[in-house]
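The values are calculated or read from the model by the stated rules, or taken from the named source; none is laboratory data. These numbers come from a predicted model, not from an experiment. We place every Cβ from the backbone using ideal geometry, glycine too, and count neighbours over all the protein chains shown.
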Amino acid sequence: MEKTITPQLLDELLAKAAASPRLRTNFNLHENTDDPVNRLCIAAQTGSVFPIQRHPGKWELVTCLRGKFVSRIYGDKGQVLREYRMGEDVTSLEIPAGTWHSIEVLTPCVFLEVKPGPYAPVAPEDTLNV
């Protein structure tokens, strides 16, 4: 069966994110976490925290569907190397495998995230605390 992402779905996801303690929620398009390609919509409210992280061996594609956020790319010591203003200057960003990155939510937003599966939680050594 086909799957669609509609304005109504984005509205529902943003409402769920507003009611969530983490101020975000997701909607999986993939059937299960073992899928070879994970595809999901992530809705986030201003104040939701996305820590600096990396995914060894896995690239990540982020496409802004609504709102505005900043995607930052970092060096190994936590220095900001580049910033991308998603929903303004950039619509989609592919992040190479093993690259430190984070998101700062500027306005309530929804983005589509695509990356190789299976799903694996971020390991402690793949989170950068600065």
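Of all residues in region 58-66, at least one satisfies being touching a helix residue (DSSP H, G or I) at 6+ places or on another chain (Cβ under 8 Å) and either free of Cβ contacts under 8 Å to residues at least 24 places away in the same chain or among the charged types (D, E, K, R) (or both).
You will find that of Leu81, Leu14, the residue that is at pLDDT 95 or above and either of a type in the set (Asp, Glu) or in a strand (DSSP E or B) (or both) is Leu81 and no other.
Cβ-Cβ distances below 7 Å connect the following pairs, each with a first residue in region 1-24 that is farther than 16 Å from Leu65 by Cα, a second residue that is in a helix (DSSP H, G or I) and of a type in the set (A, V, I, L, M, F, W, C), and a separation of six or more residues or different chains: Leu23/Ala17. If you check Ala43 against the conditions, is it in contact (Cβ under 8 Å) with a residue 24 or more places away in the chain and more than 16 Å from the chain's Cα centre (by Cα)? No, not satisfied.
Taking the criterion of being surrounded by 13 or more Cβ atoms within 10 Å (Cβ to Cβ) and either polar (S, T, N, Q) or over 21 Å from Leu128 (Cβ atoms) (or both), the residues of region 80-90 that qualify are Arg85, Gly87, Val90. Are any of the residues in region 26-34 of a type in the set (A, V, I, L, M, F, W, C), surrounded by 15 or more Cβ atoms within 10 Å (Cβ to Cβ) and touching a residue at least 12 places away in the same chain (Cβ under 8 Å)? The answer is yes; a qualifying residue exists.
Residues in region 84-130 that are β-branched (Val, Ile, Thr) and in a loop (DSSP other than H, G, I, E, B) were compared, and the one that is farthest from Asn28 (Cα to Cα) is Val130. Do you know which of the residues in region 35-59 that are surrounded by 15 or more Cβ atoms within 10 Å (Cβ to Cβ) and among the small types (Gly, Ala, Ser) is modelled with the lowest pLDDT? Looking at residues that are surrounded by 15 or more Cβ atoms within 10 Å (Cβ to Cβ) and among the small types (Gly, Ala, Ser), I get Ser48.
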